[in-house]
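Reviewing the structure listed below.
The values are calculated or read from the model by the stated rules, or taken from the named source; none is laboratory data. Here the structure is a predicted model, which is why all the values come from computation and not from measurement. All Cβ positions, even for glycine, are placed from backbone atoms using ideal geometry, and neighbour counts span all protein chains on display. For the accessible areas, the whole protein counts, side chains as well, though only heavy atoms, and no ligand, DNA or RNA atoms are used. Shrake-Rupley method; radii C 1.70, N 1.55, O 1.52, S 1.80 Å.
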Amino acid sequence: MSLSQPSRRDVLSAALVTIGGTSFNSAAAAAPQDGGATDAAVLAWKAWRAAHRRTLALCRKQQRLESELARTVGFPQAVLAADELPSPMRIASLRQFDELAADLPSLCARRDEVVAALRTHQRLWDDADRAIGYSATRQEEAAASVDEERLIARLFAADAASLRGLSGKLDVLIAVGADGAEGRHFPWPELRRIRRDVARLMQLQRHDSIGLTA
C-alpha cells in the first residue's frame, strides 16, 4: 500500500478539472438544447458523470480512511534488530524477510519471531479496518469503478444525435485517455481544440435559436 501514488480516480478527476471549458462543468451542458434531451449519447454521458462523482467520492473516502489507519495503527510490519544489520529494519512481509535471510542465513532463526510480530500487527490493522470501514469502502469504490467503465462503454456505443452528445463523448475520451503515461503522446491539444469548436457551435446554435424566437 502506498499513499504517495495517485489512483486512477485522482488522475481522472484532475483531467476533468484541467480540460478547460468542457461540458462537465459548463452551464451550457445543463440546458436542454441541440436535441440533447433525447440524445442517447447525452443520456449516457449524464449517467457516466453521476457514476464518476460517486466513484471519486468513494476513492477520496477510502484514501482518507487509509491515511487514518496508517497514522493510528501503521501499516503491518515487524521491526527486526540484529547484529548482522547496520540498523533496525522494518519488515513488511514474510517474503521480504525470507529474501533477507537468503543473504544472511543467520537470521533464519528469527523467522518465527517475525511471523508472530507481523500477525499481531495485522490483527491490529484488521480490527481497526473493520471499525472504520476501510476495506468495505474499497470494495464499494471498486464496484463503482466497474459501473463507471460499463457506462463509458455504453456512451461510446451510442450514436450521438446532437453536438451535445458529441461533446459528451469528447469529454470522456479526453478524461479517460489522459489516465496513464501511455497517453502522453496522444494528440490531446488537438482533441481539446475540437472540443472547443463543438462548444462554439453549440453556443452559435443557441444564439440562432434565441434570435429566431425573439
- Which residue pairs have Cβ atoms closer than 7 Å, lie 6 or more positions apart in sequence or on different chains, and pair a first residue in region 42-53 that is more than 14 Å from Val176 (Cβ to Cβ) with a second residue that is polar (S, T, N, Q) and at pLDDT below 95? Val42/Ser162
- Query: Taking Ala117, is it more than 26 Å from Leu58 (Cα to Cα), touching a Ser or Thr at 6+ places or on another chain (Cβ under 8 Å) and of a type in the set (Gly, Ala, Ser)?
  - Reply: no
- Query: Is there a residue in region 98-106 that is among the aliphatic types (A, V, I, L, M) and exposed (fewer than 14 other Cβ atoms within 10 Å of the Cβ)?
  - Reply: yes
- Note on the structure: Residue set Thr55, Thr38, Thr22, Thr72; condition open to solvent by less than 20 Å² (accessible area, probe 1.4 Å) and modelled with pLDDT of 50 or more; output residue Thr55
- Message: List the helices (runs of 4 or more DSSP H) inside region 80-188, counting only whole elements, that have at least 3 residues being modelled with pLDDT of 95 or more and farther than 30 Å from Met202 by Cα.
- Response: 94-103, 111-132, 134-157
- Message: Going by what's in this entry, would Ala92 be described as of a type in the set (Gly, Ala, Ser) and under 15 Å from Trp125 (Cβ atoms)?
- Response: yes
- Note on the structure: All conditions in (1) assigned to a helix (DSSP H, G or I); (2) open to solvent by 60 Å² or more (accessible area, probe 1.4 Å); (3) free of Cβ contacts under 8 Å to residues at least 24 places away in the same chain are true of Lys61 except (3)
